[in-house]
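Presented below is the structure to which this report refers.
The values are calculated or read from the model by the stated rules, or taken from the named source; none is laboratory data. Only a predicted model underlies this, so the values are computations on that prediction, with no experimental measurement involved. So basically every Cβ, Gly included, is an ideal-geometry build from the backbone, and we count neighbours across all protein chains shown.
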Amino acid sequence: MPVDSALPACPVTSGDINIYHARVIADQQITFVLHFSSLLDLDRLNRAFALLVRTFPILSSVIRVKAFRFRREQVPDYCPEAKLAEGNEPVSEVIERFTGTACDPEREPSLKLLLIRRSGRDTLCFKIDHVATDASGLKFLLYALASAYAKGNIDPVFNPNRGDGQIFRRFSLFALLNAARRAKLPRPGQGLITGPFDAQPTFIEQLRLEHGEQERLRAAAKQAGATLNDVLLAALYRAVWQLRQADQAGAFPVMVPVDMRRYLPKHRQAVVANLSSAVYPSLAPVSGESLPDTLARVTAIMQGFKRKSFGLPALILMKLGAMRGGRMMQSRYQLAASRQSRFICLSNFGVIDKALCNFGAPLSQAYGVGPVQYAPGLLLAVSAFDSTLHLTVQGNDAERFQPFVHNFLNSIVSELARWQ
């Protein structure tokens with residue numbers, strides 16, 4: 001079903017420009033993977049896909065960039081269609097190839113669907129280029145697709161405003177000036193593993209906690225006056241310290257994305273856009289320190305950020321960096337790439353709501369996969385489904401980097417297992 005090419009073009013936001021230039025340090029694809037216990041109706045899925053694209057014009061657009069001038073254009077006669085993958089190849093390998101394949105946002109619309117069919121069961125991969133939206137926006141689109149598939153219409157009420165101005169308007173002038181004063185460019189920590197690294201092949205490394213562990217960790221965190229994210233960050237820090245090389249010392253910064261939708265009214269938070277910012281807690285190891293003591297330090301740092309307009313300083317930097325087409329952003333990212341970006345990022349994709357992912361077939365498992373943060377940097381995507389916590393890293397250079405990532409995830413899970 002063709003998409004109406006007369007749909008208006010969507011504005012390009014500062015968040016979009018930031019991600020466009022960040023492609024030199026990470027392949028900016030975000031995916032939700034859903035495993036079903038039976039088959040979906042492919043024709044029905046494609047009708048739902050077409051309705052989704054008609055509803056959200058950004059999904060049928062491409063970015064045009066000329067001399068640092070950005071605009072979006074609709075793709076004439078675009079016919080969205082899910083790709084069907086049948087055969088005998090292992091599902092995990094098909095997923096890895098699909099999630100690891102780059103998208104060119106200047107030539108192809110951002111949203112792609114892959115349906116993997118094996119032995120009477122389907123796996124749906126729902127992937128978007130980060131230039132269009134962040135993980136929260138993709139999750140809203142997933143729920144809208146499920147609604148279109150199950151009911152023939154889109155139930156969720158979405159906010160059509162993609163701009164970050166709606167965030168800034170929630171703050172006083174004093175708060176904005178104070179945040180701008182505190183804003184500074186982040187510096188990554190020392191690389192935990194040295195390169196050079198090959199761009200291919202990409203890989204997905206994943207660990208899944210036992211059913212019910214999420215509730216146990218959340219309850220323990222609450223008792224300690226912390227959040228589940230604080231517990232995960234504390235365990236990540238302890239894994240970093242274990243894997244550091246002998247000559248490395250001092251505080252280590254970790255990038256923690258902040259969904260700035262938190263500052264919008266509840267009825268305005270469902271928006272398909274790049275409305276993410278970040279904070280950069282930095283922590284040094286203390287000899288003989290226990291996980292609860294590390295957690296206490298992490299919680300104190302994160303609460304300090306939250307008391308001071310959580311995520312606002314970095315959002316202001318991003319806004320300023322996007323001026324004149326992001327020339328400053330481009331130079332900074334190119335410099336980071338030339339030095340092998342070493343950021344470790346903990347990105348919590350949140351809970352995938354089973355009730356809102358109703359495709360009429362039993363959903364056995366669902367999780368998020370973040371972008372390939374080029375080695376030696378890595379992005380740990382945390383997602384929860386049906387009381388099960390998934391820790392997922394997508395990376396490049398399977399031969400050299402994947403064993404390190406495997407050990408890194410196992411170290412985090414080992415720390416979490418000790419938490420009582």
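Just a few scattered comments:
- The single condition among (1) out of contact with any strand residue (DSSP E or B) (no Cβ under 7 Å at 6 or more places or on another chain); (2) buried (at least 22 other Cβ atoms within 10 Å of the Cβ) that P371 does not satisfy is (1).
- Filtering the range 259-274 to residues that are surrounded by fewer than 11 Cβ atoms within 10 Å (Cβ to Cβ) and in contact (Cβ under 8 Å) with a residue 60 or more places away in the chain leaves only H267.
- Residues in the range 138-185 that are more than 30 Å from L113 (Cβ to Cβ), part of a loop (DSSP other than H, G, I, E, B) and in contact with a helix residue (DSSP H, G or I) (Cβ under 8 Å, 6 or more places away or on another chain): 5 in all.
- Candidates L409, L317: the one that is touching a Leu at 6+ places or on another chain (Cβ under 8 Å), under 21 Å from I95 (Cβ atoms) and assigned to a helix (DSSP H, G or I) is L409.
Yes or no, residue by residue, for (1) among the aromatic types (F, W, Y); (2) outside any helix (DSSP H, G or I); (3) touching a helix residue (DSSP H, G or I) at 6+ places or on another chain (Cβ under 6 Å); (4) within 26 Å of G212 (Cβ to Cβ):
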| site | (1), (2), (3), (4) |
| --- | --- |
| S341 | no, yes, no, no |
| L346 | no, yes, yes, yes |
| L356 | no, yes, yes, yes |
| S383 | no, yes, no, yes |
| P403 | no, no, no, no |
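Conditions tested, residue by residue: (1) surrounded by fewer than 21 Cβ atoms within 10 Å (Cβ to Cβ); (2) part of a helix (DSSP H, G or I).
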| residue | (1), (2) |
| --- | --- |
| Q245 | yes, no |
| P257 | no, no |
| K306 | yes, yes |
| G326 | no, yes |
| F349 | no, no |
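- Among the residues of this structure, T194 does not count as one that is at pLDDT 90 or above and either out of contact with any His (no Cβ under 8 Å at 6 or more places or on another chain) or within 30 Å of T388 (Cα to Cα) (or both).
- Selected residue (only one of L236, L295 is in contact with a strand residue (DSSP E or B) (Cβ under 7 Å, 6 or more places away or on another chain), assigned to a helix (DSSP H, G or I) and in contact (Cβ under 8 Å) with a residue 40 or more places away in the chain): L236
- If you check E96, E86 for being farther than 15 Å from T133 by Cα, under 25 Å from the mean Cα position of the chain (by Cα) and touching a residue at least 24 places away in the same chain (Cβ under 8 Å), only one passes: E96.
- Matching residues, the range 195-233, being closer than 17 Å to I412 by Cα, out of contact with any strand residue (DSSP E or B) (no Cβ under 7 Å at 6 or more places or on another chain) and either part of a loop (DSSP other than H, G, I, E, B) or β-branched (V, I, T) (or both): E210, T227, V231
- Hits in the range 153-177 (condition: of a type in the set (A, V, I, L, M, F, W, C), over 26 Å from R54 (Cβ atoms) and over 20 Å from the mean Cα position of the chain (by Cα)): F168, F171, L173, F174, A175, L176, L177
- Just so you know, in the range 351-368 the residues that are out of contact with any strand residue (DSSP E or B) (no Cβ under 7 Å at 6 or more places or on another chain) and of a type outside the set (A, V, I, L, M, F, W, C) include one that is surrounded by the fewest Cβ atoms within 10 Å (Cβ to Cβ), and it is G360.
- Count of residues meeting criterion [within 24 Å of F168 (Cβ to Cβ) and of a type outside the set (D, E, K, R)] in the range 310-344: 19
- Residue that is surrounded by the fewest Cβ atoms within 10 Å (Cβ to Cβ) [pool: residues in the range 284-304 that are modelled with pLDDT of 95 or more and among the aliphatic types (A, V, I, L, M)]: A300
- L391 being aliphatic (A, V, I, L, M), within 21 Å of A22 (Cα to Cα), part of a strand (DSSP E or B) and at pLDDT 95 or above: no
- Filter result (crowded, with 21+ Cβ neighbours inside 10 Å and in a strand (DSSP E or B)) within the range 81-111: L111
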